[in-house]
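Okay, structure first, notes after.
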Amino acid sequence: MPASDSDPESTRIDEPAVPASRNVLEADCSRCSALADSRECISWGTGSLEADIVVVGEAPGYGTPEADRWRGGNWTGKAYTSRHSGRRIRRMLERIGYDDEAYYTNAVKCFPADPDDPTTNREPTPEERANCRPHLRTELTDVDPTVVLATGKHATSTILAAEGRELDGFLDRVLEPVWCERLEVSLVPILHPSYQDIWIARLGFEPEEYLKAIRDTLDEIRR
């Protein structure tokens, strides 16, 4: 039977590589007591510090602890290593020829558990985002990318907050580059992988057209 996303532990021809290392900035960080209590691991960034693109999500999910490989950053300690979002984003960057140029991280490094269901995400609080923002700034300084690729509304809002700006209508901003003066980088919002299939068509793209649009946008900025 062919491998698929519903068969997560099978080997795919186009399976992206699982990262072997992580960029630990503050071991056992406890700036946010609620996050320190709810996490299994701090989900640090992965990839080359020479990367030209930094992919930023909002925060790691709970993950799948029984999985062999793609358990998620809450269990692996490595950003974007979940079965769904992690593999999908890495595969997407690989398909458009930019995987070797990408560094993967989250704006908030720890899993924010919902108090009513510790296996479900809640949104990080403004204080948690602010507490973790120095880590993201350090990563952007260390990597010095040309582009930040923000996956979804919340990641985009967090990057703009570092600029002292607010997000006004996410869908209208998808694939519209924004120059971030304080961070000295171009921000490109893209759809979150969990909602990508729903919203691609509503934005007027076919899946392959959407990938091409991302590649063309990155190509243009890097030129």
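The values are calculated or read from the model by the stated rules, or taken from the named source; none is laboratory data. Just so you know, these numbers come straight off a predicted model, no measurement behind them. Please note: Cβ atoms are built from the backbone with ideal geometry, for glycine as well, and neighbour counts cover all protein chains shown. Note: accessible area is taken over every heavy atom of the protein model, side chains too, but ligands, DNA and RNA are not part of it. Shrake-Rupley method; radii C 1.70, N 1.55, O 1.52, S 1.80 Å.
When residue 191 is tested against the conditions (1) touching a strand residue (DSSP E or B) at 6+ places or on another chain (Cβ under 8 Å); (2) more than 23 Å from residue 211 (Cβ to Cβ), the lone failure is (2). Report the residue count in segment 160-179 for those that are surrounded by 17 or more Cβ atoms within 10 Å (Cβ to Cβ) and in contact with a helix residue (DSSP H, G or I) (Cβ under 9 Å, 6 or more places away or on another chain). Residues flagged as surrounded by 17 or more Cβ atoms within 10 Å (Cβ to Cβ) and in contact with a helix residue (DSSP H, G or I) (Cβ under 9 Å, 6 or more places away or on another chain) within segment 160-179 amount to 6.
Per the conditions (1) touching a residue at least 12 places away in the same chain (Cβ under 8 Å); (2) of a type in the set (A, V, I, L, M, F, W, C); (3) within 22 Å of residue 137 (Cβ to Cβ), the sole criterion not satisfied by residue 211 is (3).
Taking into account only those residues within segment 117-162 that are of a type in the set (Gly, Ala, Ser) and touching a residue at least 60 places away in the same chain (Cβ under 8 Å), which is nearest to residue 98 (Cα to Cα)? Break it down into steps so the answer makes sense when it comes.
Filtering segment 117-162 down to residues of a type in the set (Gly, Ala, Ser) leaves 130, 150, 152, 155, 157, 161-162.
With the extra rule that they be touching a residue at least 60 places away in the same chain (Cβ under 8 Å), the set shrinks to 150, 152, 155.
Details: 150: 15, 152: 19, 155: 20 Å.
By that ranking, first place goes to 150.
Taking the criterion of being surrounded by fewer than 23 Cβ atoms within 10 Å (Cβ to Cβ) and either within 11 Å of the chain's Cα centre (by Cα) or at positive phi (or both), the residues of segment 103-159 that qualify are 144, 152, 154. Could you run through segment 71-89 and say how many residues are in a loop (DSSP other than H, G, I, E, B), modelled with pLDDT under 95 and not basic (Lys, Arg)? Counting residues in segment 71-89 that are in a loop (DSSP other than H, G, I, E, B), modelled with pLDDT under 95 and not basic (Lys, Arg) gives 1. Meeting the requirement of 1 or more residues that are over 23 Å from residue 31 (Cα atoms) and hydrophobic (A, V, I, L, M, F, W, C), the strands (runs of 3 or more DSSP E) wholly within segment 108-223 are 147-151, 178-180, 185-190. Within segment 60-94, can you find the residues that are among the polar types (S, T, N, Q) and open to solvent by 10 Å² or more (accessible area, probe 1.4 Å)? Those that are among the polar types (S, T, N, Q) and open to solvent by 10 Å² or more (accessible area, probe 1.4 Å): 64, 76, 82, 85. Annotation note: Cβ proximity below 8 Å between a residue of segment 79-101 that is touching a residue at least 24 places away in the same chain (Cβ under 8 Å) and within 17 Å of residue 152 (Cβ to Cβ) and a residue that is charged (D, E, K, R) and crowded, with 23+ Cβ neighbours inside 10 Å (sequence gap 6+ or interchain) occurs for 79/109; 80/90.
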